[in-house]
1. With a point put 7 Å past each Cα toward its Cβ, work out how far residue 48 is from residue 4 in nm, to one decimal.
2. Using θ = phi - 60° and the Karplus relation 6.51 cos²θ - 1.76 cosθ + 1.60, list the HN-Hα couplings for segment 6-14 in order, rounded to whole Hz, with x at every Gly or Pro.
3. Name the long-range amide H neighbours of residue 30: under 5 Å, sequence gap of 5 or more, or other chain; modelled H, no Pro or chain starts.
4. May I ask for the equivalent-ellipsoid semi-axes of the chain, computed as the square root of five times each C-alpha gyration tensor eigenvalue and listed largest first in whole Å?
5. Given the Cα-Cα distance of residue 24 and residue 62 and 0.36 nm per residue of separation, how much length would full extension add, in nm?
6. Taking the mean number of other Cβ atoms within 10 Å as a proxy for protection, how do you rank 45-51, 31-37 from highest to lowest?
7. Quick one: 3J(HN,Hα) in Hz for segment 46-57, Karplus 6.51/-1.76/1.60 with θ = phi - 60°, rounded, Gly and Pro as x.
Amino acid sequence: MIEIKSLSRLSIQELYQAFEDAFADYEIQLSQDELETMLVRRGFVSELTFGAFYNTGIVGYCIF
């Protein structure tokens, strides 16, 4: 079953892994540091961001 939960308890490593998996076929890749910089620049607030979790892993999210 898929659950929707806040990303407030998700580590940046887990968030990056989901991002990397989602965009694996893209020609341009971001490093974890680049993703963190982008999130800060865009005003990322983990408490306001939700993701879809299947079993124990994240399978998708929307960044707010």
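1. About 1.7 nm separates the two model spin labels.
2. With the stated coefficients, segment 6-14 comes to 5, 8, 4, 9, 8, 6, 5, 5, 5 Hz.
3. none
4. Working through the eigenvalues yields semi-axes of 19, 15, 9 Å.
5. Values: separation 38, 0.36 × 38 = 13.68 nm, distance 1.75 nm.
Between residue 24 and residue 62, full extension yields 11.9 nm more.
6. Ranked by mean Cβ neighbours within 10 Å, highest first: 45-51, 31-37.
7. Listing the rounded values in order: 4, 5, 9, 10, 10, x, 9, 10, 10, 6, 10, x Hz.
Bear in mind that the values in this text are calculations on the coordinates, not laboratory data. Since the model is a prediction, treat every value here as computed from it, not as a measurement. For neighbour counting, all protein chains shown are included, and Cβ atoms are generated from backbone atoms with ideal geometry for every residue, glycine included.
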